[in-house]
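Here's the structure we're looking at; comments come further down.
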Amino acid sequence: MNYIALKMLMGDRGKYLGIVMGLTFASLIMTQQPAIFVGLMARTYSFITDLGLPDIWVMDAKVQFVDDIKPLQDTELYRVRGISGVEWAMPLYKGLIKARLSNGNFQTCIVVGLDDATLIGGPPQMLEGRLEDLRRSDGVIVDIDGAREKLAKPPATPGGQPTPLKLGDTLELNDRRAIVVGLAKVTRTFQSQPVIYTTYTRATTYAPRERKLLSFVLVKAKPGIDIPALIQRIQGNTGLAAYSQQGFKQLTVDYFMQNTGIPINFGMSVALGFIVGAAIAGQTFYSFTLENLRQFGVLKAMGASNGTLLSMILLQAALVGCTGYGLGVGLTSLFGWSMRNTILAFKFPWQLLVFSGVGVTLICIFAALISIRKVIKLEPATVFKG
């Protein structure tokens with residue numbers, strides 16, 4: 001009977017391919033769009049992820065996400081260092097500063113100032129140069145994507161390719177010279193702005209004049225110290241906000257989820273893909289069942305039970321569902337691979353496979369139910385009518 005069910009399904013190639021294409025479209029939308037959304041959300045806290053060494057981030061209590069900088073007084077650093085359980089606490093500057101390029105244009109960059117002595121908080125991967133080279137006069141490290149794209153030198157001839165920044169090239173940050181002493185690989189940020197690393201002291205000279213310039217205090221707990229308990233002590237003794245790395249990521253994601261239209265936009269795209277896929281698959285599967293109603297009637301007249309016919313329809317739905325799901329996921333993976341070196345945000349965790357799988361399963365159940373109802377109510381005598 002299963003063989004007969006498959007022969008019935010594939011006998012009409014047009015409708016079979018129509019059902020598969022509808023499910024492929026639904027599976028593609030329900031994996032591709034969430035993958036872009038997850039990648040975009042991951043970029044909101046990419047700066048936190050790249051700085052994996054500190055256990056705790058200390059900041060002003062009014063900070064809402066990682067780019068919402070509310071500077072602290074430098075004396076807060078020493079208050080944090082004096083708290084029991086802190087192994088070390090280092091300053092970190094993070095701010096937006098305009099870089100003047102060789103053609104006179106300006107580009108806003110994220111400038112990160114590291115502790116002069118330890119350079120804690122540096123880029124996760126150096127491609128050229130050394131982190132220690134930041135101690136050279138006017139030294140800065142530029143992320144490779146920024147060096148190749150937004151900070152690149154203009155092409156020598158019209159229509160040519162821009163020349164990426166290289167070691168020894170210079171920039172102007174707030175009318176002060178900066179010499180490129182290294183290139184690093186960092187995770188793209190939410191705004192995809194170039195990231196420039198330098199020492200904390202030098203960063204404060206690049207930054208506009210303010211009374212407060214300390215952005216964050218990076219804290220490492222002593223071995224064996226309970227992180228949540230240390231966070232409470234820091235908050236109680238200083239009145240500042242303190243978060244674990246995961247807690248700071250969650251704070252950032254929650255802000256973008258609650259205060260931007262990104263979740264709604266992507267949610268509508270996914271819902272539209274589900275509805276269109278269900279409509280195409282359901283209508284085509286129902287039409288296929290109507291055309292094969294006489295064959296189902298013959299089987300019923302020959303003694304096939306409703307349970308047998310039900311299993312045949314479910315087998316047909318499962319086959320087209322698995323085929324469409326596999327094609328949709330495969331196309332999503334191919335899309336993500338082809339976009340791996342572009343500015344597009346894309347992240348494809350295994351949870352999205354489950355999510356899209358559940359969505360395709362629901363579509364197949366819907367398509368099967370509307371067909372099952374017709375077959376179960378079918379009278380065997382129908383096959384003898386002219």
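The values are calculated or read from the model by the stated rules, or taken from the named source; none is laboratory data. Every value quoted in this text rests on a predicted model; they were computed, and no experiment measured them. Cβ sites come from the backbone with ideal geometry, for glycine too, and all protein chains shown count toward neighbours. These area figures cover heavy atoms from the full protein model, side chains too; ligands, DNA and RNA do not enter into them. Shrake-Rupley method; radii C 1.70, N 1.55, O 1.52, S 1.80 Å.
Side notes on the structure shown:
- The single residue among Leu272, Leu251 that is under 22 Å from the mean Cα position of the chain (by Cα) and closer than 30 Å to Ala26 by Cα turns out to be Leu272.
- Helices (runs of 4 or more DSSP H) fully within the range 12-120 counting 3 or more residues that are surrounded by 20 or more Cβ atoms within 10 Å (Cβ to Cβ) and at pLDDT below 90: 13-44
- Any pair with Cβ under 9 angstrom, 6 or more apart, that starts in the range 73-84 at a residue that is under 16 Å from Lys220 (Cα atoms) and ends at one that is open to solvent by 70 Å² or more (accessible area, probe 1.4 Å): Arg79/Asn237; Val80/Asn237; Gly82/Asn237; Ile83/Arg233; Ile83/Asn237; Ser84/Lys222; Ser84/Arg233
- Listing of helices (runs of 4 or more DSSP H) fully contained in the range 133-252 that carry 2 or more residues being open to solvent by 10 Å² or more (accessible area, probe 1.4 Å) and within 23 Å of Pro123 (Cα to Cα): 144-148, 200-206
- Listed conditions (1) in contact with a helix residue (DSSP H, G or I) (Cβ under 7 Å, 6 or more places away or on another chain); (2) modelled with pLDDT of 85 or more are all met by Val354, apart from (1).
- Pair list, Cβ < 9 Å and 6+ apart or interchain, from the range 147-164 residues that are closer than 18 Å to Tyr197 by Cβ to residues that are modelled with pLDDT under 80 and surrounded by fewer than 15 Cβ atoms within 10 Å (Cβ to Cβ): none
- Restricting Leu327, Leu378, Leu299 to those that are closer than 21 Å to Lys15 by Cβ, outside any loop (DSSP other than H, G, I, E, B) and at pLDDT below 85 reduces the list to Leu299.
- Per this entry, Ser333 is counted among residues that are at pLDDT 90 or above and not acidic (Asp, Glu).
- Number of the condition not met by Glu149 [criteria: (1) out of contact with any helix residue (DSSP H, G or I) (no Cβ under 8 Å at 6 or more places or on another chain); (2) at pLDDT 90 or above]: (2)
- In the range 239-253, the residues that are without any contact (Cβ under 8 Å) to a residue 40 or more places away in the chain and more than 15 Å from Ala89 (Cβ to Cβ) reach residues that are in a strand (DSSP E or B) and open to solvent by 40 Å² or more (accessible area, probe 1.4 Å) with C-beta atoms within less than 9 angstrom, at least six apart or across chains, in these pairs: Gln250/Tyr243.
- In the range 98-126, the residues that are within 15 Å of Leu171 (Cβ to Cβ) and aliphatic (A, V, I, L, M): Ala99, Leu101, Ile110, Val111, Val112
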